[in-house]
Amino acid sequence: MRIGVEEEFHILAVESGLLVPRADAVLRRLSRDTFTTELHQSTVESNSGVHASLTDLYTDLARTRRRLDAAASSLGLAVVAAGTAPLAPAGSGHPTAGARYRHMVEEYRQVADEQLICGAQVHVDIPDRDTAVGVMCAVSPWLPVLLALSASSPFWQGADTGYASWRTLLWQRWPTAGPVGCFRSAADYDAAVGDLVRAGVISDPGMIYYDVRPSAHLRTLELRICDACPRVETVVLVAGLFRALVAQAIELRAAGAAECDGRHEWLRGASWRAARSGLEGVLVDPRTHREAPAADVVRALLARLRPALEAHGDWQTVRDLAEAALADGSAAERMRRTAREEDLLSCTDLLIAETRGERRHRRPAHVSRRSVAGSVAGAAGSGAPEVLGS
């Protein structure tokens with residue numbers, strides 16, 4: 001069962017940490033079969049190859065990030081994989097040219113203008129669309145745990161939101177974002193999507209932004225709930241867990257032991273809790289629908305998935321990565337710690353370094369929090385808009 005990953009990256013000015021609309025300039029230095037535009041010119045997307053092993057996926061993602069970093073660095077820029085950039089004032093991006101993006105900006109207005117976010121999507125091979133729709137329902141209860149592992153967006157427009165994943169709150173303002181319902185078949189799912197298109201709520205099936213969905217153009221099930229992750233290891237951890245969830249659900253479905261009770265009302269609350277707490281607080285335990293320490297819920301997921309992880313040879317890797325994530329804390333917590341000890345510009349430096357696969361290099365002390373705040377205020381008054389990807 002093969003896996004692939006799409007990653008989104010913010011493009012920043014190194015000195016100020018502010019978003020810059022330079023995607024086209026960066027992409028001119030890269031292969032367009034791996035890298036592409038997003039809705040805004042301050043975002044670039046990469047597409048991995050398709051892999052059977054987590055080791056090969058890690059190697060691919062790390063190599064792709066190095067290529068992207070080299071292209072950005074040659075222009076005096078940096079790229080960051082995080083749900084939000086710490087210093088991203090309102091109106092700091094420009095929509096990418098094209099009729100589809102123009103329609104999104106005109107139709108969704110401030111929802112689009114304020115969508116300065118990046119995510120990581122994981123694709124897993126699926127036999128057919130009926131299976132995809134059934135599995136989509138079965139894996140949904142555990143997806144907030146994957147969100148908590150990925151949480152990397154505590155800051156919004158230079159302020160601490162109190163959330164580990166503020167990106168989730170921004171993302172869920174779109175009409176088709178958030179937990180997905182249950183469907184009896186692919187035909188039912190496709191009919192529901194068609195109704196949304198005909199109603200004018202969305203322009204095409206690519207605008208289905210559920211936490212998990214059958215891909216509109218690939219024979220895969222696509223995970224969409226996660227923040228972009230500064231560390232490649234976190235992406236690999238999430239990919240390994242998601243593949244195991246899908247594999248387990250397929251096996252149960254084949255045995256006639258479907259687990260979903262058709263009730264997903266509680267899932268929005270569970271996603272909110274994961275976005276609020278990350279790994280540093282409590283999560284909603286999918287088994288009991290009660291709160292439980294995040295570490296306990298993560299370890300329960302590991303125990304549940306151990307047979308599927310072992311079948312793919314992933315158990316040791318995923319367990320070690322999960323324990324390391326619990327020990328280090330979420331990216332959101334690392335960012336907050338850096339901001340408390342230093343400032344938001346140092347927090348941006350942390351993200352740049354982790355995206356590169358490095359440890360952070362400290363910025364010279366003369367670059368102060370006050371000067372950064374002034375930069376944010378100045379950019380906020382410049383009036384340039386910004387949005388999201390497809």
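With every protein chain left in place, what is the accessible area per residue of segment 256-361 in square angstrom, probe 1.4 Å?
With the other protein chains kept in place, segment 256-361 gives 49 Å² per residue.
For segment 203-253, what class follows from the C-alpha gyration tensor (a ≥ b ≥ c being the square roots of its eigenvalues): rounded when a/c is under 1.5, otherwise prolate if a/b is larger than b/c, else oblate?
Oblate, since a/c reaches 1.5 and b/c is not below a/b.
List every residue whose amide H lies under 5 Å from the amide H of Trp156, counting only residues 5 or more places away in sequence or on a different chain, with H placed 1.01 Å from N in the peptide plane.
Those lying under 5 Å, H to H, from Trp156 are Thr161.
From a point 7 Å beyond the Cα of Asp261 in the direction of its Cβ, which residues of segment 273-304 have a backbone N at a distance under 18 Å?
Under 18 Å, as judged by backbone N against the label point of Asp261, lie 284-292 of segment 273-304.
Please list 3J(HN,Hα) in residue order for segment 182-190, calculated via the Karplus relation 6.51 cos²θ - 1.76 cosθ + 1.60 where θ = phi - 60°; whole Hz, with x for glycine and proline.
Once rounded to whole Hz, the list reads 9, 10, 6, 7, 5, 4, 5, 4, 5.
Quick check for you: with a 1.4 Å probe and neighbouring chains kept, what is the accessible area per residue of segment 1-142, in Å²? Intermediate values should be presented prior to the final figure.
Numbers: 4910 Å² over 142 residues.
For segment 1-142, the per-residue accessible area is 35 Å².
Any idea how far the Cα center of segment 72-136 sits from the one of segment 322-349, in Å?
23 Å
Mind pulling the angle between the C-alpha long axis of helix 129-139 and the longest principal axis of the chain? Nearest 10 degrees, somewhere in 0 to 90.
For 129-139 against the chain, the angle is about 80 degrees.
For segment 104-211, which whole-number percentage of the solvent-accessible area (1.4 Å probe, protein heavy atoms only) is attributable to carbon and sulfur atoms?
The C+S portion of the solvent-accessible surface of segment 104-211 is 52 percent.
For the chain, find the longest principal axis of its Cα atoms and tell me its angle to the long axis of helix 344-356, 0 to 90°, nearest 10.
Between the helix axis and the principal axis of the chain, the angle is about 60 degrees.
Place +1 on the Cβ of every Lys and Arg and -1 on the Cβ of every Asp and Glu in the chain, take the dipole about the Cα centre, and give the residue among Ala239, Met1, Pro89 whose Cα lies farthest towards its positive end.
Highest projection toward the positive end goes to Pro89.
Quick one: among Arg334, Arg263, Arg231, which has the greatest mean-square fluctuation in a GNM of the chain with alpha-carbon springs under 10 angstrom?
Looking only at Arg334, Arg263, Arg231, the largest GNM fluctuation is found for Arg263.
Roughly how many nanometres apart are two label points built 7 Å out from the Cα toward the Cβ at Ala295 and Ala97?
It works out to 5.4 nm between the two label points.
Once you put a point 7 Å from the Cα of Ala62 and another 7 Å from the Cα of Asp204, both along the Cβ direction, what distance in nm separates them?
3.6 nm
I'd like the per residue volume of the convex hull spanned by the Cα atoms of the chain, given in cubic angstrom. Walk me through the intermediate numbers first.
Details: hull volume 47.9 nm³, N = 390.
Looking at the chain, the number lands at 123 Å³ per residue.
For Thr288 and Val197, compute 0.36 nm times the residue count separating them, minus their Cα-Cα distance, and round to one decimal in nm. Intermediate results must be reported in sequence, preceding the final value.
On the way: separation 91, 0.36 × 91 = 32.76 nm, distance 3.64 nm.
This chain segment gains 29.1 nm when fully extended.
For segment 239-335, with all protein chains present and a 1.4 Å probe, just round the carbon and sulfur fraction of the accessible area to a whole percent. Walk me through the intermediate numbers first.
Numbers: 2180 of 4560 Å².
For segment 239-335, the apolar C and S fraction of the accessible surface comes to 48 percent.
If I fit a long axis through the Cα atoms of helix 267-277 and take the longest principal axis of the Cα atoms of the chain, what angle between them do I get, 0 to 90°, rounded to 10?
The answer is roughly 40 degrees.
Test of understanding: in a Gaussian network model of the chain with alpha carbons linked when under 10 Å, which of Ile250, Ile225, Ile352 would top the mean-square fluctuation ranking?
Ranking Ile250, Ile225, Ile352 by mean-square fluctuation puts Ile250 first.
The values are calculated or read from the model by the stated rules, or taken from the named source; none is laboratory data. Predicted, not measured: the structure shown is a model, and the values here were computed from it. Heads up, the Cβs are rebuilt from the backbone with ideal geometry, glycines too, and the neighbour counts pull from every protein chain shown. Just the protein is used for accessible areas: all its heavy atoms, side chains included, with ligands, DNA and RNA removed. Shrake-Rupley method; radii C 1.70, N 1.55, O 1.52, S 1.80 Å.
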